[in-house]
Amino acid sequence: MSASDLKILAKDFRAPTDGSFRIAKASGQAPRNAPNKKACEKQLNKVAKKLDEQQRRVYAENTHAVLCVFQAMDAAGKDSTIRAVLKKLNPAGFQVFSFKTPSPEELDHDFLWRTTCRLPERGRIGVFNRSYYEEVLVVRVHPEYLDSQRLTGVAKNRKFWQQRYESIVTHEQHLTRNGTLVLKFFLNVSKEEQRQRFLSRLETPEKNWKFSAADLAEREHWKDYMRAYEQCINATSTDAAPWHIIPADNKPFMRLAVAEILHQALARLKPEYPSLNAQQQAELPAIMQRLSNE
Ligand code: ATP
Ligand code: MG
């Protein structure tokens, strides 16, 4: 880190764990001292290289898995953030899964099943582009989606959603206890910035494919989504699996912030390359001698 780099601390982006998160107060805009685009990209390049080194250690140590969950409104930039943050990593070291409308097979299982099948194993970084959180976000905004889950004897009231939050919190505690570091990112794009990005998708022929009329329909439910996000984040932000609220209107800053937060979390794991025991060490000179003499 050079003197000109902005100090980005994960704690400044962490949602509180006491239920006091208010989405109306969370700005989509980067902090005032955010570097310009070029400086953000330069700093990101440095962090991305460090992430590569950290991921190698995580892989070699084979003790921890890392799960990064991304949730956001449409066009917040989940895809491009994932790409930018992981750009320097060995592709064998991480896995990205996107979760869309559930398939009939997925609907035949409980709501945590499909993502559980895709959890990262020890040594890997797993990225969820959308996740089981959709089950308390899009499904909360459209409770009629629950019909296809064929849950019987369940009243879809406040208690029902409370129980879903509990299932999620318990699931994440279970993962944490079993060696998975869980980090959650809410990319917080403002409604106005989303409008601009949709317009750009419509105006640029190469981006047309990214636009779907369904996105516009969801935008109509903006307030309901914000309420669902606020309740969800308050109910599921824990010390074991914290939410980070990342302003998403400034893409270069958003990418840098996510990369720095991941870097700091990996540093806390202190992954180390395995070391050889005394006997293995003692055998090295003889093996080297043999190879040199070949
Ligand atoms: P992009 O940024 O490219 O638009 P995306 O993640 O929005 O990517 P889409 O294919 O546009 O991908 O949309 C996926 C849709 O699937 C989202 O609207 C999301 O809410 C929905 N979805 C995901 N999980 C569930 C779920 N469990 N139940 C119902 N809908 C879901
Ligand atoms: Mg979409």
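Structure summary
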quantity: Subset of 184/223; 11/42; 38/223 violating a 29 Å alpha-carbon distance limit; calculated: 38/223
quantity: Above-threshold pairs, the threshold being 29 Å between Cα atoms, out of 50/251; 100/251; 207/270; calculated: 207/270
quantity: Contour minus Cα-Cα distance for residue 92 and residue 6 (0.36 nm per residue); calculated: 27.9 nm
quantity: Packing-based ranking, highest mean first, of 64-73, 37-46, 156-165, 201-210 given that Cβ atoms within 10 Å are counted; calculated: 64-73, 37-46, 156-165, 201-210
quantity: Residue order, fewest to most surrounding Cβ atoms within 10 angstrom, among 226, 254, 288; calculated: 288, 226, 254
quantity: 15 Å Cα-Cα reach of residue 87 towards aspartates and glutamates, excluding residues that sit fewer than 8 places from it in its own chain; calculated: 41, 52, 53, 79, 260
quantity: Cβ charges +1 (Lys, Arg) and -1 (Asp, Glu), total dipole of the stretch 142-205, debye; calculated: 160
quantity: Percent breakdown of C-alpha pair distances by 5 Å bin, ordered from the shortest bin, for the stretch 191-294; calculated: 2, 8, 10, 12, 13, 11, 8, 6, 6, 5, 4, 5, 7, 4, 0
quantity: Ellipsoid semi-axes in whole angstrom, largest first, where each is sqrt(5λ) of the Cα gyration tensor of the stretch 3-292; calculated: 35, 25, 18
quantity: Counted charge near residue 173, where neighbours are those whose Cβ lies closer than 11 Å (Asp, Glu -1; Lys, Arg +1); calculated: -2
quantity: Order of 97, 128, 21 - criterion: other Cβ atoms within 10 Å of each residue's Cβ, fewest first; calculated: 97, 21, 128
quantity: Projected label distance in nm at residue 157 and residue 118, using a 7 Å step from Cα toward the beta-carbon; calculated: 3.4
quantity: Positive dipole terminus of the stretch 3-292, leading residue within 30, 120, 157 (C-beta point charges); calculated: 30
quantity: DSSP-defined antiparallel bridges as percent of all bridges, the chain, nearest 5; calculated: 5
quantity: FRET E, pair residue 100, residue 293, Förster distance 51 Å, beta-carbon r, rounded to 0.05; calculated: 0.30
quantity: Local electrostatic count at residue 26 - Lys and Arg +1, Asp and Glu -1, tallied over other residues with Cβ under 14 Å; calculated: +1
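Where a number appears in this text, it was derived from the coordinates with a stated rule and is not lab data. What you see is a predicted model; the values in this text were computed from it and never measured. Note that we place each Cβ from the backbone using ideal geometry, even for glycine, and neighbour counts take in every protein chain shown.
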